[in-house]
Structures are given as C-alpha cells and as structure tokens.
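Asks: This structure is in structure tokens; I'll ask about it shortly.
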Amino acid sequence: MSLPHAILTALVEKPSSGLELTRRFDKSIGYFWSATHQQIYRELGRLEAQGLIRALPAQQPARGQKKSYEVLPAGRDELARWTAAAQDPRPLRDAMLLRLRAAAVVGTTGIEADLRRHLELHERQLSEYEEIEKRDFPPEKDGPEDRLRHLVLRAGIDLETSWTRWLRHALAEFAELPGDDPS
C-alpha cells in the first residue's frame, strides 16, 4: 500500500514526469522504498484513474512528449490520511538471519564469505549515506521539512551502523567456531 504514498509524496514535493520520478526513486526515495520503473509507471496510471493526480497540460503539443503529474486535493487528502494513520512496525525479515539459523543444522559452508560481502555492502551504503548527510544537511539547513528529511536519512545511517556492527560481531563469532559440521 505504500508505493502510491511514496509517489504522492514525491509529487507533492515536486510535480514530475514518470521518468523524473524513477530517477528520484533511484537517488533518494529508493533508499528506503524501492520500486521498479514499471511499477512506478503502472502506479501513476492507477493514481490518475483514482483522481488523486493529474497530468499537467503540455506546454506545446508534441507526439511522444512526456507527461508531468501533479497531486490533486484528493491525493493530498489521501496522503494526509495515510500519514496520520497508526501503523504497527513490521517484523524483521532477512534471508541472512534465516540462513544462519539453517547453518546451525546443515553446516556453515559459504556463509562466512557472504557475511564478509554483506559487511562490505553495508559499509559502502553507510559511507554513501554519510556523504549525503554532509552534502545535503549542513547545520544551517534546519527548517521543518529539512529536519524531517534528515530524520529519514538518520534512520538509514543508524540501520547501516547497526548492520555493520552486527556483521563484525557475527564474523568474530565465526572465527571462534570449531568447524563446519553441526552434528
């Protein structure tokens, strides 16, 4: 249910074409809510059919010109309703954790190398988030919208920090394991 709301949020921030939206998802929103380009275009059609967004009138008639969309009052109302609604946290669901549990009964072959790979990926993502923070959130940028956007980024930084800490701990545990046969 959140993809339509992610799109509505992006369009409230700035009316955009489908292509511009997909680029914005690739650069920012996609860090915490991913969607394929096809999903975004399909959802734009649904939102338009529901009367939540509309295509802006073209500046000049041209065949194949990209449509830009804006949020209608009904779309803003839906976004406000969704934002205000209570929602329970989602339980953690991560294949690596399940694989570790399975490794306890079938052996650890391949897991340690993948833990190292995951650590590298999470360290890289953490570094990217920290660069975004330095670039986009200097201390003087403290308006309400900036502070809320920064909170979202801080959640990403904190999650990546937690993952890297946990992965280092997991690799230290692996270093102390006696062997690969659980039986």
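Asks: Relative to the longest principal axis of the C-alpha atoms of the chain, give the angle of the C-alpha long axis of helix 73-84, reported between 0 and 90° and rounded to the nearest 10°.
Replies: It works out to around 30 degrees.
Asks: Averaged per residue, what accessible surface does the chain expose to a 1.4 Å probe, in Å²?
Replies: Values: 12840 Å² over 183 residues.
I get 70 Å² per residue for this part.
Asks: Helix 95-106 sits at what angle to the longest principal axis of the chain, using alpha carbons and giving 0 to 90 degrees rounded to 10?
Replies: Compared with the principal axis, the helix lies near 20 degrees.
Asks: If you don't mind, another one. Counting Lys and Arg as +1 and Asp and Glu as -1, each charge on the Cβ, what is the dipole of the range 1-153 about the Cα centre in debye, to the nearest 20?
Replies: Roughly 600 debye for the range 1-153.
Asks: Straight-line reach from K141: which lysines fall under 29 Å, measuring Cα to Cα and dropping same-chain residues less than 8 apart?
Replies: The reachable lysines, counting only those whose Cα sits under 29 Å from K141, are K14, K27.
Asks: Put +1 on the Cβ of each Lys and Arg and -1 on the Cβ of each Asp and Glu in the chain; which of S34, F174, Q50 then has its Cα farthest toward the positive end of the dipole?
Replies: Among S34, F174, Q50, the one farthest towards the positive end of the dipole of the chain is Q50.
Asks: Protein chains only, probe 1.4 Å: how do L151, L52 rank by accessible area, largest first? Intermediate results must be reported in sequence, preceding the final value.
Replies: Details: L151 115, L52 25 Å².
Listed by decreasing accessible area, they come as L151, L52.
Asks: Rounded to the nearest 500 deg cm²/dmol, what is the calculated helix-only ellipticity per residue at 222 nm for the chain, with -39500 (n - 2.57) per DSSP H run of length n ≥ 4?
Replies: On the way: 7 runs with 118 residues, N = 183.
It comes out at -21500 deg cm²/dmol, rounded to the nearest 500.
Asks: Below 18 Å, Cα to Cα, which aspartates and glutamates can K67 reach? Residues fewer than 8 away in the same chain don't count.
Replies: Here the aspartates and glutamates satisfying the reach criterion relative to K67 are E13, E20, E43, E48.
Asks: Now a separate question. Round to the nearest 10 and report in Å² the accessible area of I157, as given by a 1.4 Å probe over the protein chains' heavy atoms.
Replies: Accessible area, nearest 10 Å²: 10 Å².
Asks: Moving on. Pick out, from A95, S127, V105, the residue whose Cα sits farthest towards the positive end of the charge dipole of the range 68-130, with +1 on the Cβ of Lys and Arg and -1 on the Cβ of Asp and Glu.
Replies: So the residue furthest toward the plus end is V105.
Asks: Okay, moving on. Check each of the GluC sites (Glu not before Pro) in the range 131-168 and keep only those in coil by DSSP with at most 16 other C-beta atoms within 10 angstrom; list them in order.
Replies: On the way: sites: E131, E133, E140, E145, E160; in loops: E140.
Counting only loop positions with at most 16 other Cβ atoms within 10 Å, the GluC sites (Glu not before Pro) in the range 131-168 are E140.
Asks: Test of the criteria: in the range 65-155, which trypsin sites (Lys or Arg not before Pro) are in a DSSP loop and have at most 10 other Cβ atoms within 10 angstrom of their Cβ? Walk me through the numbers before you get to the answer.
Replies: Numbers: sites: K66, K67, R76, R81, R93, R99, R101, R116, R117, R124, K134, R135, K141, R147, R149, R154; in loops: K66, K67, R93, K141.
Those that pass, being in a loop and sparsely packed, are R93.
The values are calculated or read from the model by the stated rules, or taken from the named source; none is laboratory data. Here the structure is a predicted model, which is why all the values come from computation and not from measurement. Glycine gets a Cβ as well: all are built from the backbone with ideal geometry, and neighbour counts include every protein chain shown. Just the protein is used for accessible areas: all its heavy atoms, side chains included, with ligands, DNA and RNA removed. Shrake-Rupley method; radii C 1.70, N 1.55, O 1.52, S 1.80 Å.
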